[in-house]
Amino acid sequence: MDLKKSVRSIVNWPIEGVIFRDLTTLMKDPEAFRESCDILYERYKDQKIDKIVGIDARGFVFGAVLAYKLGIGFIPVRKKGKLPSETIEESYSLEYGSGTLEIHKDGIAQGEKVVIVDDLIATGGTAGATVNLVRKIGGDIVECAFLIELPDLKGRERISDCKIFAMMEFEGE
């Protein structure tokens, strides 16, 4: 199955000049959703991983499924003000804005092996902030996994010290 065909592209959203890659169309297609989740599971099923970290919000969808299938814990990285216990935060910038992400201080124990999951890497802002958060609380990052990479925006460079997996690329499209 060509998963790229299940991704909707929306031109000039949320701002002029941006092509938004909408994964809701992939998620509503049972075959495409199952296949994308299975690809992630097959990649990590034989590795020693303690936790999956999912980035707000679509990283929660794929990260939680992966954590469930692997039988390990899921740790959410959320936008500022959404987590109820003691957190640390990291600010970032991206293609069309900026923000702050938080993680619970007790989400990951020192030395635990972690895979970070998000739907897409563009400029690398949210991924870079998440990498910094995970490292600050002692996590050892095995890999950062994305369904989509937009190579033209060079997000990979922001997290170049991490191993990166991208299921699909939309380059110059």
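Being in contact (Cβ under 8 Å) with a residue 12 or more places away in the chain and surrounded by fewer than 14 Cβ atoms within 10 Å (Cβ to Cβ) is the filter here; which residues of region 42-72 pass it?
Filtering region 42-72 for residues in contact (Cβ under 8 Å) with a residue 12 or more places away in the chain gives 43-45, 47-56, 58-67, 69-70, 72.
Within region 42-72, Lys45, Gln47, Lys48 meet the criteria.
Listed here are the residues, each with its yes/no results for (1) in contact with a strand residue (DSSP E or B) (Cβ under 6 Å, 6 or more places away or on another chain); (2) among the hydroxyl-bearing types (Ser, Thr, Tyr).
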residue: Leu83; (1), (2): yes, no
residue: Ser98; (1), (2): no, yes
residue: Asp106; (1), (2): no, no
residue: Ala109; (1), (2): no, no
residue: Val131; (1), (2): no, no
residue: Lys154; (1), (2): no, no
residue: Asp161; (1), (2): no, no
residue: Phe165; (1), (2): yes, no
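Would you confirm whether or not region 38-48 contains a residue that is under 25 Å from Gly125 (Cβ atoms) and among the basic types (Lys, Arg)?
Checking region 38-48: at least one residue is under 25 Å from Gly125 (Cβ atoms) and among the basic types (Lys, Arg).
Please count how many residues of region 78-108 are polar (S, T, N, Q) and under 30 Å from Trp13 (Cβ atoms).
Total satisfying the criteria: 4.
So if I check each of Lys45, Lys51, which one is modelled with pLDDT of 95 or more, over 27 Å from Gly17 (Cβ atoms), of a type outside the set (A, V, I, L, M, F, W, C) and touching a Phe, Trp or Tyr at 6+ places or on another chain (Cβ under 8 Å)? Let's see the steps before the verdict.
Values: Lys45 fails: touching a Phe, Trp or Tyr at 6+ places or on another chain (Cβ under 8 Å).
Selected residue: Lys51, the only one of Lys45, Lys51 that is modelled with pLDDT of 95 or more, over 27 Å from Gly17 (Cβ atoms), of a type outside the set (A, V, I, L, M, F, W, C) and touching a Phe, Trp or Tyr at 6+ places or on another chain (Cβ under 8 Å).
Could you tell me which residue of region 124-160 is nearest to Tyr41 (Cα to Cα), considering only residues that are in contact with a Gly (Cβ under 7 Å, 6 or more places away or on another chain) and in contact (Cβ under 8 Å) with a residue 40 or more places away in the chain?
Among those that are in contact with a Gly (Cβ under 7 Å, 6 or more places away or on another chain) and in contact (Cβ under 8 Å) with a residue 40 or more places away in the chain, it is Ala127.
How many residues does region 1-41 hold that are assigned to a strand (DSSP E or B) and touching a residue at least 60 places away in the same chain (Cβ under 8 Å)?
First, pick out the residues of region 1-41 that are assigned to a strand (DSSP E or B): 8-11, 19-22.
When the remaining residues are screened for being touching a residue at least 60 places away in the same chain (Cβ under 8 Å), the result is 9, 19, 21.
Qualifying residue count for the region: 3.
Considering region 2-18 alone, what residues qualify as being surrounded by 10 or more Cβ atoms within 10 Å (Cβ to Cβ) and under 16 Å from Gly97 (Cβ atoms)? Spell out the reasoning first.
Here is the first cut: in region 2-18, the ones surrounded by 10 or more Cβ atoms within 10 Å (Cβ to Cβ) are 3-10, 12-15, 18.
Within region 2-18, Asn12, Trp13, Pro14, Ile15, Val18 meet the criteria.
Within region 119-138, does at least one residue satisfy the condition of being among the hydroxyl-bearing types (Ser, Thr, Tyr), closer than 24 Å to Asp50 by Cα and not in a strand (DSSP E or B)?
yes
Is it the case, given these coordinates, that Gly54 is assigned to a strand (DSSP E or B) and in contact with a Pro (Cβ under 7 Å, 6 or more places away or on another chain)? Can you show your working first?
Working: assigned to a strand (DSSP E or B): yes; in contact with a Pro (Cβ under 7 Å, 6 or more places away or on another chain): yes.
Considered against the rule, which asks whether it is assigned to a strand (DSSP E or B) and in contact with a Pro (Cβ under 7 Å, 6 or more places away or on another chain), Gly54 comes out as yes.
Check region 101-109 and report whether any residue there is surrounded by 18 or more Cβ atoms within 10 Å (Cβ to Cβ), of a type outside the set (A, V, I, L, M, F, W, C) and either part of a loop (DSSP other than H, G, I, E, B) or in contact (Cβ under 8 Å) with a residue 40 or more places away in the chain (or both).
Looking for residues that are surrounded by 18 or more Cβ atoms within 10 Å (Cβ to Cβ), of a type outside the set (A, V, I, L, M, F, W, C) and either part of a loop (DSSP other than H, G, I, E, B) or in contact (Cβ under 8 Å) with a residue 40 or more places away in the chain (or both), one finds at least one in region 101-109, hence yes.
Quick one: count up the residues across region 25-37 that are surrounded by 13 or more Cβ atoms within 10 Å (Cβ to Cβ) and under 24 Å from Ile75 (Cα atoms). Write out each step before concluding.
Filtering region 25-37 down to residues surrounded by 13 or more Cβ atoms within 10 Å (Cβ to Cβ) leaves 25-27, 29, 32-33, 35-37.
Those still in the list that are under 24 Å from Ile75 (Cα atoms) too: 26-27, 33, 35-37.
Total meeting the criteria: 6.
The values are calculated or read from the model by the stated rules, or taken from the named source; none is laboratory data. These numbers were taken from a predicted model, which means no experiment stands behind them. For neighbour counting, all protein chains shown are included, and Cβ atoms are generated from backbone atoms with ideal geometry for every residue, glycine included.
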